[in-house]
1. Given Cβ point charges of +1 (Lys, Arg) and -1 (Asp, Glu) and nothing else, what value in debye, to the nearest 20, does the dipole of segment 174-248 about its Cα centre take?
2. How big, in percent, is the set of alpha carbon pairs in segment 210-258 lying more than 16 Å apart?
3. For residue 152, which sequence-distant residues (separation of 5 or more, or a different chain) have an amide H within less than 5 Å of its own amide H, given hydrogens modelled in the peptide plane?
4. In nanometres, what is the gap between the two model label sites at residue 19 and residue 211, each 7 Å from Cα along Cα-to-Cβ?
5. Counting other Cβ atoms within 10 Å, which chymotrypsin sites (Phe, Trp or Tyr not before Pro) in segment 43-122 have at most 15 and lie in a DSSP loop?
6. Which pairs break 23 Å Cα to Cα here: 220/256; 146/230; 146/175?
7. Show me 174-181, 219-226 ranked by packing, highest mean number of other Cβ atoms within 10 Å first.
8. Please give the length that would be gained between residue 65 and residue 11 if that part of the chain were fully extended, namely 0.36 nm times their separation in residues minus their C-alpha to C-alpha distance (nm, one decimal).
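Where a number appears in this text, it was derived from the coordinates with a stated rule and is not lab data. The structure presented is a predicted model; accordingly, all values stated were derived computationally and were not measured. Positions of Cβ are backbone-derived with ideal geometry, glycine not excepted, and every protein chain shown enters the neighbour counts.
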Amino acid sequence: MKHEIEETVVAWQKDNLVRNLSEESMETYRASAKDFLGFFQQSSIARFKQLTDDAIQAYVMGQINRGCMPRTINNRLKAIRRLCYFYQKNFKPSYRIPVFPFQRESATVRGPLTDSEVMRLVEKFDCKNRSSILVAVALDTGLRSKSLRNIRVEDVDIAEKTLCVRVTKNHDTLKLPLTQALAELLAGYIAHFEMTSGWLFCNTDGGKMYDRSAVYKSVKRYLQECGVNKTGVHLFRYTFGKIMVKNNCNAMLLQKWLGHRTMEETKKYVKIYSDELNELCEKVAPLSKEGKFFPKKVTANT
């Protein structure tokens, strides 16, 4: 039997390359395709007419039985749905897209870290722990996952206390300063693992660069060890922006550091929440208690 779905996946992935999708999207689609093709082969599903509502439900049940998280299941379902739309558009307009039972995802706290959470992470920093150093670099530089994964040992200059970031979202190379604390942690980390070249964050087996999943798992493990109930790599970027703003960092400087082309992008990382705004108001507003204009006695007109 002609494996119509498998052949369409190949055409779909080529189309994704032509459309210049991001590396992250391509990686997600490749992983999802590998997973659902394996299931379809086991279920003898080779043609799109066999890809019915019941077949999709069976796939989802298989995912649940394997212990997959709702978010993982939903990402894979989105990949199958995109494949179905690709088939419908390019090969068979009359094809009916099956129903996709997306799972309800539990709310995940993704906001920036609080000061106490940052302290819990910092207290456990250890140059002998890869996850610890990964989090330290993410927290102290605000770099994205892709940039972190592509740092090489040669990009770290301990003597000059600088970090060269060669892979960024807008393709600009960044040269960032390192704090004394981070420089010392990195020096200890590089010395402990006897690293002279290659990827800064890599697997112990063969020195292979961390992929997106490895970074996420490493961060998640360290956060759990520190008792911080938050997930994701991007939360360090939000935390970095928040701390820089609270310490009166110039907006233009922060934009350059984060590698943003426009100030609109930077604004997303400098959200000041209500409690912090109230606290700031009592310190800097003209009639604040700490302000020089605060009247000794305020009376209401009657």
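1. It works out to roughly 480 debye.
2. 51 percent
3. 200
4. Inter-label distance under the simple model: 2.1 nm.
5. Qualifying residues, ordered by number: 91, 95, 102.
6. 220/256
7. 219-226, 174-181
8. 16.4 nm
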